[in-house]
Amino acid sequence: MKGKILVALKTKYKTFGFSDKAFDGVADYLSKTVTEEAQIETAIGGVEGLLKAFQGDVDFVRNEKSGLQKELDALKGKVEIPNPEVKPEQPDMAKMIADAMQTVIKPLSDEIATLKGEKAAETRNSQILAKAKEYGIPETLLPMLKIADDADLDTFFKDAKQTFANNGFQGVTPPESAETKIEKESESIAGMISEGTKTIVESKK
């Protein structure tokens, strides 16, 4: 993804006069938030204002260097200067751009992370309400429960239902044991046999 972002940046802002290192720094930063190719155009368009501002700084430094070079050339004709090298400090454009983008993009990243957290919490709450209803636990009792984020809801609510029932909470019946289920199934089968026998006897009359 970084490579595609880098190509798009160089194409869109080729007239800005930035070095490959500067473009690489911008591409590296954007690649941390851009996950789909469809987002590239919007992302690089969003940094145009910043790049223009940095372009002004670069032009200023270049003009300052040019002026100093002219002054140095003029001095050379008047006095002999040993090792006449003037190297004005060059700004690290990649770092400047990354820092400025961090200031702009971090609040957006934080907001996205918050929204994702809220969505996950909302989904988890919906699952908890559905599972509580499935196990016959009234919603009014949920505040009493401390459900871990990674808890298995089936296991948790099965145990919670048994605990509530043991303590006599109204509206909560204990989960059926295997023996109770077998007994109910046996009664159902016996009822079906009895009804079938009755039907046969009546049909022969």
Residue check for ALA38: of a type outside the set (S, T, N, Q), under 21 Å from the mean Cα position of the chain (by Cα), under 15 Å from MET101 (Cβ atoms) and modelled with pLDDT of 80 or more: no
Unique residue being among the hydroxyl-bearing types (Ser, Thr, Tyr), at pLDDT 80 or above, surrounded by 10 or more Cβ atoms within 10 Å (Cβ to Cβ) and farther than 30 Å from ASP149 by Cα when the list is SER19, SER31: SER31
Boolean, ALA43 is at pLDDT 80 or above, of a type outside the set (Lys, Arg) and out of contact with any Asp or Glu (no Cβ under 6 Å at 6 or more places or on another chain): yes
Criterion (modelled with pLDDT under 85, loosely packed, with under 10 Cβ neighbours inside 10 Å and assigned to a helix (DSSP H, G or I)) met by exactly one of ILE97, ILE112, ILE200, ILE182: ILE200
Given (1) surrounded by 12 or more Cβ atoms within 10 Å (Cβ to Cβ); (2) modelled with pLDDT under 85; (3) not in a helix (DSSP H, G or I), index of the condition ALA165 fails: (3)
Of all residues in region 118-144 being among the hydroxyl-bearing types (Ser, Thr, Tyr) and under 20 Å from ALA165 (Cβ atoms), the one that is surrounded by the fewest Cβ atoms within 10 Å (Cβ to Cβ): THR140
Unmet criterion (only one of (1) under 30 Å from ALA22 (Cα atoms); (2) surrounded by 12 or more Cβ atoms within 10 Å (Cβ to Cβ)) for PRO107: (2)
Index of the failed condition, ILE5 passing every other in (1) surrounded by fewer than 16 Cβ atoms within 10 Å (Cβ to Cβ); (2) within 18 Å of MET93 (Cα to Cα): (1)
Given (1) modelled with pLDDT under 80; (2) farther than 30 Å from ILE112 by Cα, index of the condition ALA53 fails: (2)
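For (1) in contact with a Cys (Cβ under 9 Å, 6 or more places away or on another chain); (2) closer than 14 Å to ILE105 by Cβ; (3) among the polar types (S, T, N, Q), each residue gets a yes or a no:
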residue	(1), (2), (3)
THR11	no, no, yes
ASP20	no, no, no
PHE23	no, no, no
VAL34	no, yes, no
ALA43	no, yes, no
GLY46	no, yes, no
LYS52	no, no, no
Residue in region 73-92 that is modelled with pLDDT under 80, surrounded by 11 or more Cβ atoms within 10 Å (Cβ to Cβ), of a type outside the set (Asp, Glu) and not in a loop (DSSP other than H, G, I, E, B) present: yes
Region 115-142: number of residues that are in a helix (DSSP H, G or I) and in contact (Cβ under 8 Å) with a residue 24 or more places away in the chain: 6
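The values are calculated or read from the model by the stated rules, or taken from the named source; none is laboratory data. Everything numeric here is computed off the predicted structure, so don't read it as measured data. No Cβ is skipped: glycine too gets one built from the backbone with ideal geometry, and neighbour counts run over all protein chains shown.
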